Amino acid sequence: MSEKLRTIGFAEIAFVGVFCLVLARPGFADEPKHATAEGDNPALNEGALQKVKPGQDCSTGATSTAPANWQKLSDMFEKLTKEYYQKAKLKKAKDTIHAEYKVRQWEINTASNKFEEGPNWGGILYDVKLQSGPYAGVHVVPKKFNEYSTFHVELFAPYSKKFDSHLLSRVSYPFDVDQEFLKRFKKLVEDFEQYL
């Protein structure tokens, strides 16, 4: 019997020891279990980012009472967009703005036949939404996604303590984007509080 125990070997004992250490590691049970497969990107579907209606607090569901001048900020996004993309289509609402120019469907994942809207060369696509409270989405922001071969996607959600709001912003742009536009767009997003 002792001969059989010796044949188990060091590798098997080491494996059992490491397995026990991993299970006993503090916080192991508290780590999030991800429901999406590797490569799936919940941020690409804006609804997956936050199941919150515009102007609603992420944690309580209450509507913000902070005095914010969304119209001024919205007009600044429109002016910037029209300066670089005169023919861009803009859709403005109470606390959102959507802009697109030279946008089409792109196949993102050939295995799953997943398609998503994105800009062609010389195009732009963005959504900006003012929401109450701090950002409570699934991604650490700012974030640049890298699973696209034809355009870049960036996500921002700067927080304003003064207005208890964040500006959820997702911009998609091709590799030939005017860098000055991108710089000014990001600056407008980062400094949104001063325009409210």
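Throughout, read-outs are computed from the coordinates displayed, never taken from laboratory work. Because the structure is predicted, anything quoted here is derived from the model rather than measured. Every residue, glycine among them, receives a Cβ derived from its backbone with ideal geometry; neighbour counts consider all protein chains shown.
Treat the count of other C-beta atoms within 10 Å as a stand-in for reagent exposure and order ARG170, ARG104, ARG184 from fewest to most.
Numbers: ARG170 21, ARG104 12, ARG184 15.
Sorted ascending by nearby Cβ count, the order is ARG104, ARG184, ARG170.
Going by amide H atoms built from the backbone, whose H comes under 5 Å of the H on ASN120, apart from near neighbours?
Counting only residues 5 or more places away or on other chains, the set is VAL103, ARG104.
GLY133's amide H: which non-local residues (gap 5+, or another chain) put their own amide H closer than 5 Å, with H modeled 1.01 Å from N in plane and none for Pro or chain starts?
Amide H to amide H, under 5 Å and 5 or more residues apart or across chains, GLY133 pairs with SER165, HIS166.
How much FRET efficiency would the formula 1/(1 + (r/R0)^6) give for MET76 and ASN120, where r is the Cβ-Cβ distance and R0 is 25 Å, rounded to 0.05?
That pair, MET76 with ASN120, gives E of 0.45.
Hey, which of these cross-link pairs are over 30 Å Cα-Cα: LYS72/LYS114; LYS94/LYS183; LYS87/LYS162; LYS129/LYS183?
LYS72/LYS114; LYS87/LYS162
Counting Lys and Arg as +1 and Asp and Glu as -1, what is the net charge of the other residues whose Cβ lies under 10 Å from the Cβ of TYR126?
-2
Return THR96, THR81, THR150 ranked ascending by Cβ neighbour count within 10 Å, so the fewest neighbours appear first.
Starting with the residue having the fewest Cβ neighbours, the order is THR150, THR96, THR81.
Per-residue HN-Hα couplings for the stretch 69-82, Karplus 6.51 cos²θ - 1.76 cosθ + 1.60 at θ = phi - 60°, whole Hz, x for Gly and Pro?
So the Karplus estimates, Gly and Pro as x, are 8, 4, 4, 4, 5, 4, 5, 5, 5, 4, 4, 4, 5, 5 Hz.
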